[in-house]
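K.L.:
Can you read through this structure? Questions will come right after.
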Amino acid sequence: MPKVTDEHRQEMRLRIQNAALACFIRKGFTGASMSDIIKEAGLSAGAVYIYYSSKAELTIDVGRRIMEQRVGVLGDFAATEEVPPPHVVFPQLLGSIVDDNPFAPLVLQVWGEASHDSDFTELARQIFADLSNHFEAYLSTYFERSLGLEVPAASARAHVLVPAVLALMQGSMIQIAILGEEARQRVATGLETLLAELVA
């Protein structure tokens, strides 16, 4: 029996993830079934369930993959001497999440489902945990290198602020999704102005 390579496994995962995303966009999370995803992927049920045991598990990977592409830039600052301030970084990140991101319209559905569905609660928790880790690492680096704080103090300040910064980002996404493009500039300006207080 031929050996399955890591490259093949990754290709299969991406194929299934792309199929799931296409179904989620058409039908939403609750409307899309594993049967829909299997059909979209052009695979057998057995082949799909080798990689994902449930829709929630698959959704976690889809969400993490797309959000990692957006927030991965925060990790790049660890290798730079000058770290841009939060009131520049987070509005730009918000724009990258809202623009050209097929997962963005589905984020609100995840949060809504998380209020009463345990699978989606776990999904939301994992996405929030991943985002929080990225935000905390960036803010700690910024406070240390740009404000001259010692590492323990920089880490402690970042840890305290991250839940509020994450809430600001969530609220901004909700406003843009509900109020549309006419609210976008106002939201971005407000976010920028409030975050500027972090460097004061």
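K.L.:
So, with a 1.4 angstrom probe, what is the percent of accessible area on region 1-96 that is carbon and sulfur?
P.N.:
54 percent
K.L.:
While we're here: Between MET169, MET12, MET67, which gets the highest mean-square fluctuation from a Gaussian network model of the chain, Cα cutoff 10 Å?
P.N.:
MET12
K.L.:
Got the relative contact order for region 55-191 handy, in percent, Cα pairs under 8 Å and 6 or more residues apart?
P.N.:
Answer for region 55-191 is 27 percent.
K.L.:
OK, next. At 7 Å along the Cα-to-beta-carbon direction for both ALA156 and GLN175, put a label point, then send me their distance in nm to one decimal.
P.N.:
Each label point lies 7 Å from its Cα, and together they span 3.2 nm.
K.L.:
Hey, another quick one. Accessible area per residue of the chain at 1.4 Å probe, in Å²?
P.N.:
54 Å²
K.L.:
Using 0.36 nm per residue, how much length does the chain from LEU194 to PHE128 gain when fully extended, once their Cα-Cα distance is taken away?
P.N.:
Stretched out fully, the LEU194 to PHE128 stretch lengthens by 21.6 nm.
K.L.:
Next question, about the same structure. Hand me the trypsin sites (Lys or Arg not before Pro) from region 137-200 located in a DSSP loop with no more than 11 other Cβ atoms within 10 Å, in residue order please.
P.N.:
Qualifying residues, ordered by number: none.
K.L.:
May I have the convex hull volume per residue, in Å³, for the Cα set of region 152-200?
P.N.:
55 Å³
K.L.:
While we're looking at this one, here's another question. Sort out for me the Cα centre separation of region 156-193 from region 101-150, rounded to whole Å.
P.N.:
What the calculation gives is 13 Å, centre to centre.
K.L.:
Springs between alpha-carbon atoms under 10 Å, Gaussian network over the chain: tell me which of GLU122, GLU150, GLU68 tops the mean-square fluctuations.
P.N.:
GLU150
K.L.:
Against the empirical 2.2 N^0.38 Å scaling, what ratio does the C-alpha Rg of region 101-153 come to?
P.N.:
Its radius of gyration relative to the 2.2 N^0.38 Å reference: 1.58.
K.L.:
Only helices at least 20 Å long along their axis, Cα-based, and averaging 0.0 or more on Kyte-Doolittle count here, so list those DSSP H runs from the chain.
P.N.:
151-179
K.L.:
Charges on Cβ only, +1 for Lys and Arg, -1 for Asp and Glu, centred on the Cα centroid of the chain; of LEU108, SER54, ALA129, which one is farthest towards the dipole's positive end?
P.N.:
Towards the positive end, the residue furthest out is SER54.
K.L.:
Sticking with this structure for a sec: Once both labels are modelled 7 Å past Cα along the beta-carbon direction, what's the LEU166-GLU57 spacing in nm?
P.N.:
2.4 nm
K.L.:
Same structure again: For n ≥ 4 DSSP H runs only, could you compute -39500 (n - 2.57) per run for the chain, divide by its residues and tell me the 222 nm figure to the nearest 500?
P.N.:
Value at 222 nm, helices only, nearest 500: -27000 deg cm²/dmol.
K.L.:
Still on this structure: Just subtract the alpha-carbon distance of HIS8 and GLN185 from 0.36 nm times their residue separation and send over the number in nm, one decimal.
P.N.:
Between HIS8 and GLN185, full extension yields an extra 59.4 nm.
K.L.:
I've got another one for you. With springs connecting C-alpha atoms under 10 Å apart, model the chain as a Gaussian network and identify which of LEU74, LEU147, LEU168 has the largest mean-square fluctuation.
P.N.:
LEU147
K.L.:
Using alpha-carbon pairs under 8 Å, 6+ residues apart, how would you state the relative contact order of region 96-167 in percent?
P.N.:
Reported relative contact order: 21 percent.
K.L.:
Among ALA156, PHE77, SER172, which residue has its Cα furthest toward the positive end of the charge dipole of the chain, with +1 on Lys/Arg Cβ and -1 on Asp/Glu Cβ?
P.N.:
Of the listed residues, the answer is SER172.
The values are calculated or read from the model by the stated rules, or taken from the named source; none is laboratory data. Because the structure is predicted, anything quoted here is derived from the model rather than measured. Cβ: placed from backbone, ideal geometry, glycine included. Neighbour counts: every protein chain shown. In case anyone asks, the SASA skips ligands and DNA or RNA and just uses the protein heavy atoms, side chains included. Shrake-Rupley method; radii C 1.70, N 1.55, O 1.52, S 1.80 Å.
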